[in-house]
Every structure is written in C-alpha cells, then in structure tokens.
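A.B. asks: A single structure is presented below for examination.
The values are calculated or read from the model by the stated rules, or taken from the named source; none is laboratory data. What you see is a predicted model; the values in this text were computed from it and never measured. Every residue, glycine as well, gets a Cβ built from its backbone with ideal geometry; the counts of neighbours run over all protein chains shown. Just so you know, the surface numbers come from the protein's heavy atoms only, side chains and all, with ligands and any DNA or RNA stripped out. Shrake-Rupley method; radii C 1.70, N 1.55, O 1.52, S 1.80 Å.
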Amino acid sequence: MAAPGGADVEQDGGARATYRGASSGARWQHTEGRGKMAAAGEARLRRDGGVDGAGRGRGRDGGGMGADRAASGGNGEAGERLRSMAGGDRLLPKGFPKLKNDTFLRAARGEQTEHTPVWCMRQAGRYLPEFRETRASQDFFATCRSPKLCCELTLQPLRRFPLDAAIIFSDILVVPQALGMEIVMVPGKGPTFTEPLKEVEDLLKLRQKVDVTAELGYVFQAITLTRHSLEGKVPLIGFSGAPWTLMSYMIEGGGSTTMAKAKSWLYRHPEASHRLLRLLADVIIDYLVGQVAAGAQALQLFESHAGHLGPELFQDFALPYIRDIAQAVKSKLKEEALPLVPMIIFAKDAHYALRDLAHAGYEVVGLDWTIRPQEARAQIGKDVTLQGNLDPCALYAPKEKIGELVKKMLESFGTQRYIANLGHGLYPDMNPEHVGAFVEAVHAHSRHINKHS
C-alpha cells in the first residue's frame, strides 16, 4: 500500500511482528524468519525505550544520534524545552514556537502567497538513506509507535529540502489496529491482516467504542514532540485514511488490485457496510480532533481507493462519510476551542466526484496526475485550493526536464490557491537530488511567474 503520511510501508526485510491495540496489552508476537540482525534491532528497541509495553515512547529510541538530536530539539528555546524532558516528563501541546513559514497555510485558506508552497506525500520514506538507516532492523509498526522515531523520520526531509510543510510519520492502518484488528508486516508482501473481516458477524469482533487517547495516544505524542522540534520552521500536517479505504483493507486483508471482496460487501451487505463505515468515521473524527489538540496545523484525509468505486458507489458509501468527517471535525474543534485548521481531501482517481468533493467541507482538494489542472479547476471552481499533481514517475527524468514539467504544471494551475505536490507518494528508488530539484523548481518558477504577472 501507499502509506500516505510519509510512512513508507515496508515491502522487504525486517521482522515479522503482529500488534493488537494498546488497551488489550500491546501484545507483540514475533514469529519465524527474523534473522539475527532483526532480532537484535528489536531487542535494542525494547532496551533503549522505543516503545514500552503499552506502546508509549520512553528513554532512548534506538534511532542513532540523529534521532536523539531531533528529539532533544537542537538549539534554541525549543531545544531547552525538549531537553527538559530528561527524567520522563512528557511534552505538552502548548507553548509551541512561533510559525516562521505559513505559506502552506495561507495557500490552503486561499490567501495570497509570494511563492507556491510545496510538500510531497510520503516525503519521509525509503528513498532517503537516513530513513533506511534509522529504520534498519526495526519493525514498521514498532517505529510508528515510537514518538521519538516518528519525530526523527518526519524531520529528515526538512533537513534536506526547503519544503513548506511537514507531515507526521505514521500509517493509515493504525485506525484498524485501534479497533482491535491484528496486522502482520510480511517481508516482500507488506501489511497483512491476520483475521480480515469475512462475514457480517465479524463486525462484532471490533471495538464498538474506541478511546483514541488510549489506543492512538502515541500518534498524539509524536505530533506534539514533532511540533516542538520543528521550532516553527513549517506547519505540521496530521492525517487519516478515509472510511472506505480502511474498510477495503480490513476486508481484503491487505492490498488488492480489484477490491472485489470489499466491493462485494457493498452489494451483498449494504447495511453492514454502512455500520462499519459509520464506526470508522466516528473513530476518525475523534482521531483527527485529537491530532489538532496535539499540535497538528492541517489535516489530510486519504481516500486512496476511491478509484475502485464508480459514481454510484462513491455517492452511497464514500462521499457521505467524507462530508460527515469534515463537518464533525470542525464542529468539535469549535466546541473544544481548538484551531480551525484547514482540511485536505485526497480521493485518488475520483475524477467523477470532483464537483461533490468541492462542496464536501474541505479547504483543499488533492488531485492525482491523471487529470488536467484546467479540467479540475473548471469542476471545482475558484473557491477551493487545489493540491497536486505531478506524476511521481516524472522525478525519474533529468533535473532539467523536471524543471520544465514543474513550470508547465504551475502555468496550468496558476500560482495562487494552489499547493504543489505529486499525484501520489514518492517511490523508494527515487533519487533524493531529483526530489530536491522538484521542490526548488516549484519555488523558483512560482516566484518568477508571480513577479511578472
């Protein structure tokens, strides 16, 4: 799968491990085929405090000196605040450093910007050597449950590239875990559910009421730590998978080219499908509100499997919950006196639904690379910011060609009410220098266009 939050789901190596949600005792079961290096990495993670028995970050994180420096906050006032954590005190989601670069947030809200902001989905990923070094021999979900490691991985691309936003390192599948489902990271295959949903009766196995602080508090801790560690450099994005995308994984048991098992539920068990989607939406709403309370300054909802639905199924089983999430999150943010952060909806391959998504309550609509910017703008209108949509494979081109493609993209979208991104996440074999060329081209060409417009 494409792990949307910058988290690059492992497809090779590492230990097999399963995890069941925190309140059930955070039971890790290591199985065969680990190898000495993987076992040593897991032991080091436990010894150095990557996660404790309940999945909470503590002590050293086993991520090397870079992770320690990131978690200690570096220099300055923020660094002093973070170094005061010695002795086990937990950072609080308040007193954050002043934001120095708000270009991304202004573009999301439709305000004028001097340059077009840019970030990349999966910008923290295996294409970075430092990412691979930090993640070496450590289970993927163990990493996701270590606030210090998530912080370090989130910051790594910011050290290389002048990106205009950070996105927390995590994974969309932490939500099914919070519902009590068990996931195995299988080498060469990726995340696999040990007991996917097969019959309607299986819904009874899921937690019907989820305490997101108990089950997903490690994500909130990672967000708070990262927000402090950023020292106001750029805004921090939180995220979640959308209900249909998560439902499809929970039924398919992993990735699928057809989503036939999950779609069969929509036809055979429509009422049960709505019960599951409603349960997921309720958890997602609380999860996203919790991320803002922890320090997230924007939110993105990933409906990554929208392309498997046609217009009718999308209208019935995806769009209502996408709308509900935006409405409920904003309502709860107001009730709890939390910032009304901009929200982004990214429904991959949902060209047929762009007009509906434009009125779904999100400030930004993300686009994949298979639609022309002019067509998207015509359907969405001028009151919503667009995000996207360079073909990720364009980054295999020479740097000069990347610059040409970026220039064409900016001319097509316009430099205002627009956030530059790829149409999907970065791939593991991409050259970091080409990612840098993409980011720099967006800044240079957008400034030039703005200056001469």
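A.B. asks: Long-range amide H contacts for residue 303: which residues qualify at under 5 Å (H placed 1.01 Å from N, peptide plane, sequence gap of 5 or more or a different chain)?
C.D. replies: Excluding prolines and chain starts, which carry no amide H, the hits are 242, 346, 347, 348.
A.B. asks: Right, something else. Sticking with the crude label model, points 7 Å out along Cα→Cβ, report the distance from residue 401 to residue 447 in nm, one decimal please.
C.D. replies: According to this spin-label approximation, the distance is 2.7 nm.
A.B. asks: Hey, another quick one. Tell me the per residue accessible area of segment 77-232 using a 1.4 Å probe; a whole number in Å² is fine.
C.D. replies: 37
A.B. asks: State, to one decimal in nm, how far the label point of residue 269 lies from the label point of residue 327, with both points 7 Å from Cα in the Cβ direction.
C.D. replies: 2.7
A.B. asks: While we're on this one: Which order do the peptides 150-158, 290-298 take when ranked by the mean count of other beta-carbon atoms within 10 Å per residue, highest first?
C.D. replies: Going from most to least packed, we get 150-158, 290-298.
A.B. asks: Let me ask something else. Along segment 187-199, what does the Karplus equation 6.51 cos²θ - 1.76 cosθ + 1.60 (θ = phi - 60°) give for ³J(HN,Hα), rounded to whole Hz, x for Gly and Pro?
C.D. replies: Each residue of segment 187-199 in turn: x, x, 10, x, x, 9, 7, 5, 9, x, 6, 10, 10 Hz.
A.B. asks: Still on this structure, I have one more. Can you list the residues, at least 5 places off or on another chain, whose amide H is less than 5 Å from the amide H of residue 421, using H built in the peptide plane?
C.D. replies: 388, 389, 390
A.B. asks: At 0.36 nm per residue, and after removing the present C-alpha to C-alpha distance, how many nm does the segment from residue 257 to residue 408 gain when stretched out fully? Please report the intermediate quantities before stating the final value.
C.D. replies: On the way: separation 151, 0.36 × 151 = 54.36 nm, distance 3.17 nm.
Fully extending the segment from residue 257 to residue 408 adds 51.2 nm.
A.B. asks: Relative to the Cα centre, what is the charge dipole magnitude of segment 299-453, using +1 at the beta carbon of each Lys and Arg, -1 at the beta carbon of each Asp and Glu, and rounding to the nearest 20 debye?
C.D. replies: Working: 16 positive and 19 negative charges, 120 e Å.
My answer is approximately 580 debye.
A.B. asks: Please give, to one decimal in nm, the separation of the simple spin-label points placed at residue 393 and residue 374, each 7 Å out from Cα toward the Cβ.
C.D. replies: 2.4
A.B. asks: State the volume of the convex hull built on the alpha-carbon positions of segment 316-420, expressed per residue in Å³ and rounded to an integer.
C.D. replies: Working: hull volume 11.7 nm³, N = 105.
So the per-residue Cα hull volume is 111 Å³.
A.B. asks: Please compute, for the alpha-carbon atoms of segment 258-321, the extent along each of the three principal axes and give them in descending order in Å.
C.D. replies: Principal extents (largest minus smallest coordinate, Cα): 41, 22, 18 Å.
A.B. asks: Same structure again: Using 0.36 nm per residue of separation minus the Cα-Cα distance, give me the extension gain between residue 202 and residue 160 in nm, one decimal.
C.D. replies: That works out to 10.5 nm of additional length.
A.B. asks: Let me ask something else. Each residue of segment 176-182 in turn: what ³J(HN,Hα) in whole Hz from Karplus with 6.51, -1.76, 1.60 and θ = phi - 60°, glycine and Pro shown as x?
C.D. replies: Each residue of segment 176-182 in turn: x, 4, 5, 7, x, 7, 9 Hz.
A.B. asks: Going highest first, how would you order 249-262, 133-146, 369-382 by mean Cβ packing within 10 Å?
C.D. replies: Sorting 249-262, 133-146, 369-382 by mean packing, highest first, produces 133-146, 249-262, 369-382.
A.B. asks: Further question on the same structure: If the viscosity is 0.692 mPa s and the temperature 37 °C, what translational diffusion coefficient in µm²/s does Stokes-Einstein give for segment 234-275 when Rh comes from Kirkwood over Cα pairs? Numbers along the way, then the final one.
C.D. replies: Working: Rh = 11.5 Å.
D = 285 µm²/s.
A.B. asks: Under 5 Å between amide H atoms, partner at least 5 residues away or on a different chain: which partners does residue 192 have, H built in plane at 1.01 Å?
C.D. replies: 184, 185, 186
A.B. asks: OK, next. Once the convex hull of the alpha carbons of segment 127-257 is built, what does its volume come to per residue, in cubic angstrom?
C.D. replies: Details: hull volume 16.8 nm³, N = 131.
Convex hull volume per residue, Cα atoms: 128 Å³.
A.B. asks: At a Förster distance of 25 Å, what's the computed FRET efficiency of residue 109 paired with residue 209, Cβ-Cβ distance as r, to 0.05?
C.D. replies: In this case the efficiency is close to 0.15.
A.B. asks: Listed here are the pairs 399/451; 407/451; 348/399; 233/407; which of them are more than 20 Å apart at the Cα?
C.D. replies: Distance filter (> 20 Å) returns 399/451; 348/399; 233/407.
A.B. asks: While we're here: Find the percent of Cα-Cα distances in segment 185-339 that exceed 24 Å, and round it to a whole number.
C.D. replies: Across segment 185-339, Cα pairs with separations above 24 Å total 39 percent.
A.B. asks: Further question on the same structure: Figure the gain on full extension for residue 186 and residue 334 (residue separation times 0.36 nm, minus the Cα-Cα span) and round it to one decimal in nm.
C.D. replies: Computed gain between residue 186 and residue 334 is 49.1 nm.
A.B. asks: Before anything else, pin down the relative contact order of segment 299-419: Cα pairs under 8 Å, at least 6 apart, normalised by residue count, whole percent.
C.D. replies: Contact order relative to length: 23 percent.
A.B. asks: What accessible area per residue comes out for segment 363-453, rounded to a whole number of Å², with a 1.4 Å probe? Provide the component values of the computation, followed by the final result.
C.D. replies: Details: 4040 Å² over 91 residues.
Here the residues of segment 363-453 average 44 Å² of exposed surface.
A.B. asks: Between residue 382 and residue 278, what's the calculated FRET efficiency when r is the beta-carbon distance and R0 is 45 Å? Round to 0.05.
C.D. replies: Numbers: r = 34 Å, r/R0 = 0.75.
FRET efficiency, residue 382 to residue 278: 0.85.
A.B. asks: Please list, in order along segment 307-323, the HN-Hα scalar couplings obtained from phi with the Karplus expression 6.51 cos²θ - 1.76 cosθ + 1.60 (θ = phi - 60°), rounded to whole Hz, x for Gly and Pro.
C.D. replies: Running phi through 6.51 cos²θ - 1.76 cosθ + 1.60 with θ = phi - 60° gives x, 7, 9, x, x, 5, 5, 4, 4, 8, 10, 10, 4, x, 7, 4, 5 Hz.
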